[in-house]
Amino acid sequence: MNAVVRWGVLAVSVLAAGMLSAAEAEGVARMSPSIREFGVLPGNTAETNRQNLQKAVDWASPRGGALFVEPTDEPYPMASGVILRANVSLLGVHGPVGRGTRHPDKPQPVGSVFRIEDDKAAFLTVESSTQVRGVQFWYPNQTLSDPARIIPYPPTIRTSPEKAVFGVTLSCLSFYGEYFAMDFASPQICEQLLFEHCYGYSLSGRFIRIDKCYDIPRILHCHINPANLRCFRGDYAKAVIDAVVAQRTFAYDLDHTDNAQVVDAFTFGTWGGIRLGPATYGQLTNFNFDCVAVGILKQGDGDFNRNWMVGQGSIIANTGGKIEEIHPILVEGRGHLALSNVEAFSGGNGALTCVGKSQDFLLVRGDQRVSVSLANCRMRNYAADQPLTVQNPQALIQAVACIDKALQPFNLLPGK
């Protein structure tokens, strides 16, 4: 076995274990066949490139192969409708580029970039045991300034609607101009989904949606911000961000999931931060939901395994229209919510239209048994007299070592 082959075997093994640095991962990608070898070229038409990329994927699938999205100063024009078949990896050269790459002479990104030119279908439909890493997705026809001209593109990446999908890794991805980045809700189940280091700003207000994932979905280190095109095109206009908030959707949306893990999730300028749907449980930690109307919507369809542990996070709930609709945390249905070291504050921000206050810190509504415990929470900039609004007579609520808007201790025992 020669040195190159030995390095290749070692590098692929370490990459699978998630231990490679960005430079080492690029080395692995470079040892994979380039998509150019299959006729995916910057000078081709979008449809020709779609057909040729599909041929490359079809070649790689039975081999369990990887395809290198070779960097270029001119992005690859692409038509939608590519199926990433089982066992295939698409590997580019980037970490997440939160403000975009830039051509030295043109307002466009460079590197491992797919330039998506139609709105007929999801760009990429993934099957089991697939990976997309280090790639940028660019919609050049999307508006930056006029909400009436927003193009409602289908999701950039979606799970297969025709078969169950197991083991998908989406890592170090950047989205520009997308309407809905990643949609993993379908009639089929999915398992072991990993979203990490993905950056964008979806104009539907939905960045990641997961439904029917029964073996530990993970959302790690993802960042949603309307300034993500700044380096090559500029920021989204205030009117566009307001239109995104008006969609009344959640940046992260989960339902029918088992023990979901959400760590270091950020969003800015969406109606909602995260929806923890009725049939979910898990942990949410180290988060920041900035300029939202509702930071966390916790729902529940039962008392067993409908529990969320939420800690070490910050919510700035200050937008969305009427102050009566602005709540850092909203609880409905049944189950339990444990909050620890969560702060909420409010104020203005010139990037979008702000009310500048929230109605309260926490709203509990409904008529079914639900429990909420709070510890070490900092609560401020709410309009109500008290930080908690309880519209559910069956709710059991406890609070300890919290601080209210008057900088006074706030403690609450059941029945008080």
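The values are calculated or read from the model by the stated rules, or taken from the named source; none is laboratory data. Keep in mind that what you see is a predicted model, and the values were worked out from it rather than measured. Glycine also receives a Cβ, built like all others from the backbone with ideal geometry; neighbour counts cover every protein chain displayed.
A few comments on the model shown:
- Residue among SER174, SER128, SER160 that alone is touching a Ser or Thr at 6+ places or on another chain (Cβ under 9 Å), among the hydroxyl-bearing types (Ser, Thr, Tyr) and either buried (at least 24 other Cβ atoms within 10 Å of the Cβ) or closer than 19 Å to THR101 by Cα (or both): SER174
- Some residue of region 318-338 being among the basic types (Lys, Arg), more than 17 Å from the chain's Cα centre (by Cα) and assigned to a strand (DSSP E or B): no
- Qualifying residue in region 276-290 (condition: in contact with a Cys (Cβ under 9 Å, 6 or more places away or on another chain) and either assigned to a strand (DSSP E or B) or under 11 Å from THR319 (Cβ atoms) (or both)): no
- The residue that is farthest from TYR199 (Cα to Cα), among those in region 214-248 that are crowded, with 16+ Cβ neighbours inside 10 Å and among the acidic types (Asp, Glu), is ASP242.
- Residue match in region 266-278 (condition: β-branched (Val, Ile, Thr) and under 23 Å from SER160 (Cα atoms)): no
- Within region 91-110, being surrounded by 21 or more Cβ atoms within 10 Å (Cβ to Cβ), of a type in the set (Gly, Ala, Ser) and closer than 19 Å to GLU196 by Cβ holds for one residue alone: GLY92.
- Hits in region 193-205 (condition: on the phi > 0 side of the Ramachandran plot and part of a loop (DSSP other than H, G, I, E, B)): GLY205
- Looking across ASN341, ASN349, one residue alone is part of a loop (DSSP other than H, G, I, E, B) and assigned by TED's automatic domain parsing to the domain that holds GLN398. It is ASN349.
- Answer residue from region 17-40, given it is modelled with pLDDT of 95 or more and touching a helix residue (DSSP H, G or I) at 6+ places or on another chain (Cβ under 7 Å) and is farthest from MET78 (Cα to Cα) among those: PHE38
- Residue list for region 278-318, filter: surrounded by fewer than 22 Cβ atoms within 10 Å (Cβ to Cβ) and small (Gly, Ala, Ser): ALA279, GLY282, GLY302, GLY311, SER314
- Residue that is farthest from ARG369 (Cα to Cα), among those in region 382-397 that are surrounded by fewer than 16 Cβ atoms within 10 Å (Cβ to Cβ) and either under 31 Å from the mean Cα position of the chain (by Cα) or not acidic (Asp, Glu) (or both): ALA383
- Looking across region 206-264, the residues that are part of a loop (DSSP other than H, G, I, E, B) and within 16 Å of PHE184 (Cβ to Cβ) come down to TYR214, ASP215, ILE216, PRO217, THR249.
- In this entry, VAL262 passes the filter for residues that are among the hydrophobic types (A, V, I, L, M, F, W, C) and touching a strand residue (DSSP E or B) at 6+ places or on another chain (Cβ under 9 Å).
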